[in-house]
Amino acid sequence: MRRISWIVLLGLLAGCTGKPSRIMPPTIDPVQAGKDAISEYDKNGNGRIDGAELDAVPGVKAALNKIDKNSDKQVSADEITERINAWKESKVGVMSLLCRVNFDGKPLEGATITFIPEKFLGTAVKPAKGTSGPGGAAMCTVDDPEFAAKRISGVQCSFYKVEITGPTNRTLPSKYNTSTTLGEEVALDASWVQSGLVFELRSK
């Protein structure tokens, strides 16, 4: 697990060598993103994203302990704005991200892991993906020709819903892909940075 943390750190340091240059956080308008999130997901009209509403935005739900400053299990526009500003203040735009996929307790080879930016963030954040190897590990990177041309690898700091599809010989439950409930935040202080990002999938 410690190995994953060092890979993340090396990804951050790569931006300081000049090969390639440091990538700044995505150009998101924090205030507008907060407003757009509430407009999209606040179905009961209380000005917050809470309860079952959080299930529709898994990237935010996964980061609730970082976003929800007053611990009321609700997310406000201001709290989302504050969290996006924290990404900007970190001056870290892209992080190396090695994750592992287990299925019923065993490593899953050949799974495709796709990080899809939550739509209230706009177009500045690009999707990222990776494919797991024999040990279930996958190095995920931005899936965008412009980033590839600049030799930029890694995943942008953002909120994501995560879709995982199985290898050709295995169909995974829809809750992991077409109706995904998986979400993650990519950020310098995200909860998985120290312990490693592991997806534990179950057939039932």
Order these by the 10 Å Cβ neighbour count, fewest first: Trp87, Trp192. Trp192, Trp87
Expected vector for region 135-146, Karplus 3J(HN,Hα) from phi with 6.51, -1.76, 1.60 and θ = phi - 60°, integer Hz, x for Gly and Pro, equals x, x, 8, 9, 8, 9, 8, 4, 9, 8, x, 5
With springs connecting C-alpha atoms under 10 Å apart, model the chain as a Gaussian network and identify which of Gly105, Gly122, Gly183 has the largest mean-square fluctuation. Gly105
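Would you calculate the convex hull of the Cα atoms in region 112-167 and tell me its volume per residue in Å³? Kindly include the intermediate steps, with their values, before the conclusion.
Details: hull volume 4.8 nm³, N = 56.
Spelled out: Cα convex hull of region 112-167, divided by residues, is 86 Å³.
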Return the whole-Å distance between the Cα centroid of region 31-99 and the Cα centroid of region 116-155. 20
Report ³J(HN,Hα) in whole Hz for each residue of region 165-178, in order, from the Karplus equation J = 6.51 cos²θ - 1.76 cosθ + 1.60 where θ = phi - 60°; Gly and Pro get x. 10, x, x, 4, 9, 8, 9, 8, x, 4, 5, 9, 9, 5
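Report the net charge of residues surrounding Pro127, where surrounding means a beta-carbon distance below 14 angstrom and charges are Lys +1, Arg +1, Asp -1, Glu -1. Can you show the working numbers first?
Numbers: positive: Lys119, Lys126, Lys129, Lys161; negative: Glu118, Asp143, Asp144, Glu146, Glu163, Glu184.
Taking every Cβ under 14 Å from that of Pro127, the sum is -2.
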Partner aspartates and glutamates whose C-alpha sits under 12 Å from that of Lys129, ignoring same-chain residues fewer than 8 away, are Asp143, Asp144, Glu163
If N is the residue count of region 2-201, its Cα Rg over 2.2 N^0.38 Å rounds to 1.01
State to the nearest 20 debye the size of the charge dipole of the chain about its Cα centre, where the only charges are +1 on K and R beta carbons and -1 on D and E beta carbons. 740
Go ahead and estimate [θ] at 222 nm for the chain from helices alone: -39,500 (n - 2.57) per DSSP H run with n ≥ 4, summed, over the residue count, rounded to 500. -7500 deg cm²/dmol
For region 53-186 the mean separation of alpha carbon contacts under 8 Å (6+ apart) over residue count, i.e. relative contact order in percent, is 28
Could you list Met95, Met139 in order of exposure, starting from the residue whose Cβ has the fewest other Cβ atoms within 10 Å? Met139, Met95
Work out from phi, with θ = phi - 60° and the Karplus expression 6.51 cos²θ - 1.76 cosθ + 1.60, the ³J(HN,Hα) of each residue of region 149-155, listed in order in whole Hz, and give x for Gly and Pro. 5, 8, 6, 9, 10, x, 10
Among Asp189, Asp72, Asp104, which one moves the most in a GNM of the chain with springs linking Cα atoms closer than 10 Å? Asp72
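Compute the signed sum of charges (Lys and Arg +1, Asp and Glu -1) over the other residues within less than 9 Å, Cβ to Cβ, of Trp192.
Values: positive: none; negative: Glu184, Glu185.
With Lys, Arg at +1 and Asp, Glu at -1, the neighbours total -2.
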Starting from the Cα of Lys73, draw a straight line to each of the aspartates and glutamates and keep only those under 12 Å, dropping any in the same chain fewer than 8 residues away. Asp50, Glu53
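Every read-out reported here was derived from the displayed coordinates using simple, explicitly stated rules and does not represent laboratory data. Predicted, not measured: the structure shown is a model, and the values here were computed from it. With ideal geometry, Cβ positions are generated from the backbone for all residues, glycine too; neighbour counts draw on all protein chains shown.
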